[in-house]
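The values are calculated or read from the model by the stated rules, or taken from the named source; none is laboratory data. Quantities reported herein were computed from a predicted structural model and do not represent experimental measurements. No Cβ is skipped: glycine too gets one built from the backbone with ideal geometry, and neighbour counts run over all protein chains shown.
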Amino acid sequence: MRMKDKIGIVTAAGSGMGRAGAIRFAAEGASVAVVDLNPDAVAEVVKSITDAGGKAIGLSGDLTNDDFARGIVRETTKAFGALDFVWNHVGSPGPASIEGLDWKEYDFTMNLNVKSVLITTEAALPELRARGGGSILFTASTSGLVGSQFSPVYNVAKFGIVGLVRGLAKRYAKEKIRVNAVCPGPTNTPMLRVFVARPDSQLPAGETPESLVWKRAAQTPMGRPGEPEEVANAALFLLSDEASYVTGVALAVDGGATA
């Protein structure tokens, strides 16, 4: 089992890629704290894990609340005794346009995508250090690697995450704490539908969110969207000991879109 006896946290684990990751990590032997804003989704994922014989706890709350962002580390170590990894998967697409930008919406986007994961990471570092090392994974995006005409504010957040990953990777490498990012392209999740249907995104005439999802995904070299499990597979590798010499990497999982 690739994560036998590991203890970790997955944020935004109530659906999509986070859900797939939490379930996969538990199946590979990890004890997992399932974190999400939606308590019903948290309960469902925890049940899926425990029904299959895995170990999980559920933590529901708002990660833009600084105390909750720190507290998930405390509650995980209280439940399982230690911490080996964190997948900072939480995020939001934010506004599509900078013209007429709602600055409260901008602040929320940056707080969720950047500040909250910094706070959780800060809280996690002493626990990882106490284990003699560990792994931190961030979800960036292909929008953290290349520009997006659809999401310049998202670019700001996700380019920032990629920069953060590279800086932290160098800072903590000698302590055996590895820091990486997974950068999904269009992936078949509920969030992708939110992404293409934002109020200020101006859907092209005759398009629906669903049609646009598949049209944009068809433009990738592989001609399809990714599946949540495919991103979870990449996350599993980066968090596991199989990636013991991998740090500071922003791994595109995008069907060749950024090639």
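Kindly check whether there is at least one residue in region 42-65 that is without any contact (Cβ under 8 Å) to a residue 12 or more places away in the chain and closer than 18 Å to residue 86 by Cβ.
Yes, the conditions are met somewhere in region 42-65.
Scanning region 28-35 for any residue that is out of contact with any strand residue (DSSP E or B) (no Cβ under 7 Å at 6 or more places or on another chain), at pLDDT 95 or above and in a helix (DSSP H, G or I) turns up nothing. Can you pull out the residues in region 134-145 that are free of Cβ contacts under 8 Å to residues at least 60 places away in the same chain and either part of a helix (DSSP H, G or I) or under 23 Å from residue 71 (Cβ atoms) (or both)? Of everything in region 134-145, those that are free of Cβ contacts under 8 Å to residues at least 60 places away in the same chain and either part of a helix (DSSP H, G or I) or under 23 Å from residue 71 (Cβ atoms) (or both) turn out to be 134, 136, 138, 143. The selection criterion, being among the hydrophobic types (A, V, I, L, M, F, W, C), outside any strand (DSSP E or B) and without any contact (Cβ under 8 Å) to a residue 40 or more places away in the chain, does not hold for residue 90.
Counting only helices (runs of 4 or more DSSP H) that sit wholly inside region 146-259, those with at least 2 residues that are within 26 Å of residue 128 (Cβ to Cβ) and either modelled with pLDDT of 95 or more or acidic (Asp, Glu) (or both) are 152-172, 228-239.
Checking region 12-24 against the condition returns no match, with no residue being modelled with pLDDT under 95, among the polar types (S, T, N, Q) and under 21 Å from residue 184 (Cα atoms). Checking 134, 147 one by one, the residue that is among the small types (Gly, Ala, Ser) and crowded, with 24+ Cβ neighbours inside 10 Å is 134 and no other.
Before we move on, is residue 62 in a loop (DSSP other than H, G, I, E, B) and under 29 Å from residue 104 (Cβ atoms)? Yes, satisfied. Of everything in region 65-92 that is closer than 17 Å to residue 26 by Cβ and among the aromatic types (Phe, Trp, Tyr), the residue that is surrounded by the most Cβ atoms within 10 Å (Cβ to Cβ) is 87. If you go through region 23-42 and keep only what is of a type in the set (D, E, K, R) and over 15 Å from the mean Cα position of the chain (by Cα), you end up with 28, 40.
For (1) of a type in the set (Gly, Ala, Ser); (2) surrounded by 18 or more Cβ atoms within 10 Å (Cβ to Cβ); (3) farther than 21 Å from residue 6 by Cβ, each residue gets a yes or a no:
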{"site": "195", "(1), (2), (3)": "no, yes, yes"}
{"site": "206", "(1), (2), (3)": "yes, no, yes"}
{"site": "213", "(1), (2), (3)": "no, yes, yes"}
{"site": "229", "(1), (2), (3)": "no, no, no"}
{"site": "234", "(1), (2), (3)": "yes, yes, no"}
{"site": "246", "(1), (2), (3)": "no, no, no"}
{"site": "259", "(1), (2), (3)": "yes, no, yes"}
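Checked against the criterion of being out of contact with any Phe, Trp or Tyr (no Cβ under 8 Å at 6 or more places or on another chain), modelled with pLDDT of 95 or more and under 24 Å from residue 132 (Cα atoms), the candidates 71, 53, 58 yield just one match: 71.
Restricted to region 91-140, and to residues there that are among the polar types (S, T, N, Q) and over 30 Å from residue 241 (Cβ atoms), the residue that is nearest to the chain's Cα centre (by Cα) is 92. Kindly evaluate residue 74 against the criterion of being in contact with a strand residue (DSSP E or B) (Cβ under 8 Å, 6 or more places away or on another chain) and among the charged types (D, E, K, R). Against the criterion (in contact with a strand residue (DSSP E or B) (Cβ under 8 Å, 6 or more places away or on another chain) and among the charged types (D, E, K, R)), residue 74 does not qualify.
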